[in-house]
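Readers should treat all values here as calculations from the given coordinates under stated rules, not as data from a laboratory. Note that the structure is predicted; figures quoted are calculated from it, not measured. Neighbour counts run over all protein chains shown; Cβ positions are idealised from the backbone, glycine included.
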Amino acid sequence: MKIGVLLKQVPDTETRIRIADDASGIVTDDIKWVINPYDEHALEEALKLKDARKAKEVVIFSLGGKGVDQRIREGLARGAERGVWIEAPENLDSLAIARALAAAVKAEGVDLLLAGKQAVDDDNSQVPAMVAEILGWPQVMMISELQIDDGGFKATRDVGKGVRQVVEGRLPAVISCDKSLNTPRYASLPGIMKARRKKIDNKNISALGVDTSSDPLVSHGNWGLPPERSKGQVIPGEPKEAVKELVRLLREEAKVL
Amino acid sequence: MGNGILVLCEQEGGQIKGTALELLGKARELAAQLGGSVTALVMGTSTPTGVKGAQQIWCVDGPDFQAYNTGPWARAVQVAIEKAAPALVLATSTVATRDFFPRLAARLGLGLATEVVDLCVVDGQVLGRRPVYAGKALYDVRVSSDPAIFTARPNSFPVPADLPDAPAPEALDVALTEADRLTRVVDTLAPETDVVDLTEAAVIVSGGRGLKSKENYDSIIRPLAAALGATPGASRAAVDAGFASHGDQVGQTGKVVNPNLYVACGISGAIQHLAGMRTSKVIVAINKDEEAPIFDFATYGIVADLFTICPLLQAEIEDLD
Ligand SMILES: Cc1cc2nc3c(=O)[nH]c(=O)nc-3n(C[C@H](O)[C@H](O)[C@H](O)COP(=O)(O)OP(=O)(O)OC[C@H]3O[C@@H](n4cnc5c(N)ncnc54)[C@H](O)[C@@H]3O)c2cc1C
């Protein structure tokens, strides 16, 4: 079995976001780029299936601009075999991205495609399910448990209020991963050395048959920061008095009790 | 050009949820500017109660539509979109809509904007306001397809008090094909408690590493939450230490919450935690370190030992009734 993993480069979650002067996006100078945290769980699950000898090969697919090859290389260092880097312009909408990834996945021919449940930059959570539709494959998004056996899968997802659904289907399938699925491994030193010689295929998005010239279906502008939360008040006094005052403020001033 | 608004409404035990009413209220306001009527689409029941603000109600019922499953739900919403030919489709952002809407959008070649926190009409076009980078930034989003699809985060809009009752529901027939049955739901594991989901909760009490143990979390946070009618939450440090489960985590890599009141106990206020709860209307911080970053954005703070404060607060709340 061959497993594909969708991997996206995002700013580190520690990043203090700054808005560009023309409000068209964020300032990307001095950003530390990392693998999207949820994609680390997707990669880990693929590597675990390989460790359990259920898969032979793990291939990373990543779309984006500068630095993406570095993130793929980090994934290779953790144990993936190969990478596919689709170089693409900024500001594509999710459907165009999904079309490109689906075309690359189809050309490669994988039995299972794993992804993170969302990318922590644009927080869209759209691409994996779109890829599933384009390929005509079953999908389960945001899973917390996965079993792969005899050409089928059984996955568990949290549907809210702690209710969990167990979903079955046949492979090939697209599955997106929540963080409770596993604990991602670090790259080992030998892993990092080996990754240097592993192959990253470079593909151009137009060669994958995706038209990037038409206007996006979804477009954005007028970026801004959320309203500053003003520093509130610290309630002084002995614990008993402070608690009484807090409850009074919650009832009378904030009116939330 | 499509006309009118189709609203996918959540129900529970046949009762329309508050998340649906807030969307129906918003849809009415938008329809007054865009023209056309509001159609409510309800899955998994033929006798929904409490639907307001819609000119018609369509119900999709039957064994395939009761529990959420990707294929049948995507097909049902597709049938409703084709029949209503709306200009705008609205839904609440839930696990279900995050699962099937992108799939349906890809099928129909439509644009989808997820998790908006505001919607308005500018020059006859719908504009959404959407948080990105876990709420550290926001942008205006436009969808140029016809219809445009938006999902909204729960608790984004007030429910108008004067929403008129809706007429009797009609059944919407949905025929499924093989392609809609690629997955089967084979089991549903019920929750231990019956609290409101974190993403919809109006009050949340969260515990952090300061709780020190699962026993303390259970004996301090849970009863305080129960007294406040709140849903318990946790920081990542508390989840990683096993005090609470993964589904309880608030933050950039947990749930993004939007309550009226968020009480943070023994939580330092890391940027990734703030990302998940910064839109809370009122934040209360209980922390013994006056330098903790949480005090920079808490509405009210008490600098003291949470093991003293939390039980006092619980008793004070219980005395209110
Ligand atoms: C990629 C990534 C994603 C992340 N995602 C999230 C996320 O989604 N959610 C999240 O929460 N974090 C997330 N984090 C982790 C985050 O950076 C912090 O480590 C975490 O939020 C800290 O949790 P805490 O506040 O409970 O613990 P700490 O930072 O250790 O704070 C504990 C606080 O408790 C106080 N305290 C201790 N004892 C008492 C007492 N007796 N009485 C009163 N106060 C006391 C201390 O003064 C301290 O301020 C993420 C980190 C990374 C790198």
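Here are some notes:
- Dividing the summed helix terms, -39500 (n - 2.57) for each DSSP H run of n ≥ 4, by the number of residues in chain A produces a 222 nm estimate of -8000 deg cm²/dmol to the nearest 500.
- The mean number of partner chain beta-carbon atoms within 10 angstrom of a residue's beta-carbon across peptide B:109-119 is 4.
- Alpha-carbon centroids, the stretch B:207-269 and the stretch A:88-128: separation in whole Å: 33
- Gap separating the Cα centres of the stretch A:161-214 and the stretch B:86-118, nearest whole Å: 23
- Axis of helix A:68-78 versus longest Cα principal axis of chain A: the two differ by about 80°, to the nearest ten degrees.
- To the nearest ten degrees, helix A:94-108 and the longest principal axis of the Cα atoms of chain A are 30 degrees apart.
- Global form of the protein assembly as shown, assessed from the alpha-carbon gyration tensor, a/c cut-off 1.5: oblate
- Likely footprinting exposure, A:Lys199, A:Lys154, fewest C-beta neighbours within 10 Å first: A:Lys199, A:Lys154
- From least to most packed, judged by other beta carbons within 10 angstrom and beginning with the fewest, A:Lys8, A:Lys179, A:Lys66 follow the order A:Lys66, A:Lys179, A:Lys8.
- Shape call, chain A: gyration tensor on alpha carbons, a/c limit 1.5: prolate
- With an a/c value under 1.5 for the gyration tensor axes a ≥ b ≥ c computed over the alpha-carbon atoms, the stretch B:233-321 is described as rounded.
- Fluctuation leader among A:Val247, A:Val166, A:Val59 - chain A, Gaussian network, Cα springs under 10 angstrom: A:Val247
- The residue among B:Asn216, B:Gly229, B:Val256 whose Cα reaches farthest toward the positive pole of the charge dipole of the stretch B:198-320, with charges on the beta-carbon of Lys, Arg, Asp and Glu, is B:Val256.
- Taken about its Cα centre, the stretch B:198-320 carries a charge dipole of roughly 360 debye when the Cβ of each Lys and Arg holds +1 and the Cβ of each Asp and Glu holds -1.
- Calculated FRET efficiency for the pair B:Val159/A:Glu238, C-beta based, R₀ 45 Å, to 0.05: 0.65
- Cβ charges +1 (Lys, Arg) and -1 (Asp, Glu), total dipole of the stretch B:141-217, debye: 680
- Charged-residue dipole, Cβ positions (Lys, Arg, Asp, Glu), the stretch B:5-181 about Cα centre, Debye nearest 20: 480
- Across the cross-link table entries A:Lys48/A:Lys117; A:Lys117/A:Lys194; A:Lys32/B:Lys281, which are compared at the Cα atoms, the separations over 25 Å belong to A:Lys117/A:Lys194; A:Lys32/B:Lys281.
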